[in-house]
Each structure stands twice: as structure tokens, then as C-alpha cells.
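K.L.:
My questions will all concern the structure given below.
Please treat every number below as a calculation from the coordinates, not as lab data. Remember, predicted model here, so these are calculated numbers, not experimental data. Because the Cβ atoms are built from the backbone with ideal geometry, glycine has one as well, and the counts that use them run over all protein chains shown.
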Amino acid sequence: MNKMSFKVSQDAFTRNVLLRTCHCFGRMYYTELDLDGNGNFRVTLQSKNGDAIENPDATQGEFRNHLVNESLRDELMTNAKTVKEIIVARALFGAAGPPIVDMPGFDQEDDFGFIEDEMGDYLDDPLGIAVPWEEKHQAVDPKDDPGEAK
């Protein structure tokens, strides 16, 4: 028999979890989902190559295990959503630079501990870090250097 069907409770697993599980089984099986009148999904798996499903109980067990995996992933994604939003918000807030506040009684030096002039010109390079290596270490031709007589 190259086709098998079984029920999955809507109370136990969400529709999205079931769809993701069917997608994962889509490599080997054609999947079909139906709703029965009792609050259950009816899952039908049919072999793509036409061969008989060798062990329907093991296949159903693998499907149910994958439902549990997808359900856990869904829960973790939901729980981590707030943390991800906070991380992105802080990164974007930090990338915006210091806040610009134009309010009476607000002194940027006192409130933020710096003055715009103290930040310096970001294009200054007192250590010569931005100088290309070739300019720093130009090869000296021994004929042109009088101190290198050998």
C-alpha cells in the first residue's frame, strides 16, 4: 500500500506547525490535509515513487516526532521574538549617534559628558594608520642609498 492516513488533533498542534511538518515530508511523500468535523486534521501521505510504504507505524511515528520538533521550534521563536526586537532596537539606536536635543535648559556638555569639539575630526590620522603600506615602507634602491656601500 503506497498511501496512509492518520489524525492529528488541532488542540495539540497548530496549523502552521502541521504545514511545516508536511513540507519536510514533501521530499518523499505527497501530503494531503483535511479537516474532519471533530476538530482533527486528517493527514494523508502517499509515496512519490509509487512504492509501498514499508512500515506505516514507523512513518507515522516519525511524522509525530517531527510535529513535536516543529512545535518546540515555534515556541522558541515566539519566546525569542522580544529578545531579538530589543537587540535590533539597541543596535539601531546606537548607530544613530548621540541624541540631538534642542530644549531650553538642556546643556549637552553637562548631560552627555562631551562637547562636539572634543569629539575631534574623525579624518585626522595622527598615528598614520590610514597611510598605505607602500608609502610607509618604500623599498630603497641600494644604488641610491650612500650609507649602504658594500
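K.L.:
For residue 53, enumerate residues with amide H under 5 Å from its amide H, sequence gap 5+ or separate chain, H modeled in the peptide plane.
P.N.:
When sequence neighbours closer than 5 places are left aside, the close amide H contacts are 2, 3.
K.L.:
About the Cα centre of the stretch 34-101, how large is the charge dipole given +1 on each Lys and Arg Cβ and -1 on each Asp and Glu Cβ? Please answer in debye to the nearest 20. List each step's numbers first, then the result.
P.N.:
Working: 7 positive and 10 negative charges, 110 e Å.
In debye, rounded to 20, the stretch 34-101 gives about 540.
K.L.:
If you take the beta carbon distance between residue 65 and residue 32 as r and set R0 to 22 Å, what does 1/(1 + (r/R0)^6) give as a FRET efficiency, to the nearest 0.05? Please report the intermediate quantities before stating the final value.
P.N.:
Values: r = 20 Å, r/R0 = 0.92.
E between residue 65 and residue 32, to the nearest 0.05, is 0.65.
K.L.:
Another one. Can you tell me the equivalent ellipsoid semi-axes for the stretch 1-67? Use √(5λ) from the Cα gyration tensor, largest first, whole Å.
P.N.:
Numbers: eigenvalues 78, 29, 23 Å².
Those come to 20, 12, 11 Å.
K.L.:
Report the net charge of residues surrounding residue 2, where surrounding means a beta-carbon distance below 10 angstrom and charges are Lys +1, Arg +1, Asp -1, Glu -1.
P.N.:
So the surrounding residues net to +1.
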